[in-house]
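Have a look at the structure below, then the notes.
The values are calculated or read from the model by the stated rules, or taken from the named source; none is laboratory data. Just so you know, these numbers come straight off a predicted model, no measurement behind them. Here the Cβ positions follow ideal geometry from the backbone for every residue, glycine too, while neighbour counts run over all protein chains shown.
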């Protein structure tokens, strides 16, 4: 899955999880990091496309690797939030709902929760693609969880995810309505994936 879709999925999860809107910018940063850091091994591509395709999703995308990615992401975001003026650093993915120019810093466990959930959402999004190996139980098992339903960049999923993000960001809905909109988004994406699995051609990228 592409970087933008990964980021917006993680940021959307942060919106639904954050108990206070003033925390959202800080937790959104943790979510974006948790959504992207596991792809930091993209330098493997310079060793060769085949090498990259084989090893890219091993350590960083197994269950313990994802947990480590989430913890590192939480530590980084928590450290950034320790600098008071930077507590709004996640503005690029969160709505402008923090009325206080110096919002309080959430407890570290909130950063961990959001970053870990974002990391595993990244894995769920990668499951539906067909690129590389996706071995969640590596090194104990070589079982590949890839469904080969969509390509690494899918216009429908990208557009739907972007629309969901913009809708919830711009309208500043109440929590219950945000949850409803998010449920509709999830149903649309899951229905599309099921349709691709039933009638589409398997993908390899």
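Of the residues making up the stretch 132-155, those that are surrounded by 14 or more Cβ atoms within 10 Å (Cβ to Cβ) and in contact with a helix residue (DSSP H, G or I) (Cβ under 7 Å, 6 or more places away or on another chain) are 132, 133, 134, 136, 145, 146, 147, 149, 150.
If only residues of the stretch 83-108 that are part of a loop (DSSP other than H, G, I, E, B) and modelled with pLDDT of 85 or more are counted, the one that is nearest to residue 20 (Cα to Cα) is 106. Answer yes or no as to whether residue 189 is without any contact (Cβ under 8 Å) to a residue 60 or more places away in the chain, under 27 Å from residue 16 (Cα atoms) and touching a strand residue (DSSP E or B) at 6+ places or on another chain (Cβ under 8 Å). Answer is no for this residue.
Out of 15, 21, which single residue is crowded, with 22+ Cβ neighbours inside 10 Å and farther than 13 Å from residue 121 by Cα? Being crowded, with 22+ Cβ neighbours inside 10 Å and farther than 13 Å from residue 121 by Cα holds for just one of 15, 21, which is 15. Which ones in the stretch 140-161 are touching a residue at least 40 places away in the same chain (Cβ under 8 Å), assigned to a helix (DSSP H, G or I) and more than 16 Å from residue 16 (Cα to Cα)? Hits for the stretch 140-161 are 157, 158. Filtering the stretch 17-42 to residues that are under 16 Å from the mean Cα position of the chain (by Cα) and either within 10 Å of residue 106 (Cα to Cα) or outside any helix (DSSP H, G or I) (or both) leaves 18, 24, 26, 27.
Residues satisfying the criterion are absent from the stretch 166-178 (criterion: modelled with pLDDT of 90 or more and under 18 Å from residue 11 (Cβ atoms)). The residue list 27, 66, 75, 36 contains one member that is buried (at least 24 other Cβ atoms within 10 Å of the Cβ) and modelled with pLDDT of 90 or more, which is 27. Criterion applied to 155, 199 was being under 17 Å from residue 8 (Cα atoms) and modelled with pLDDT of 90 or more, and the one residue passing it is 155.
Tell me, yes or no, whether the stretch 162-182 has at least one residue that is at positive phi, touching a residue at least 60 places away in the same chain (Cβ under 8 Å), in contact with a helix residue (DSSP H, G or I) (Cβ under 6 Å, 6 or more places away or on another chain) and not in a helix (DSSP H, G or I). No: zero hits.
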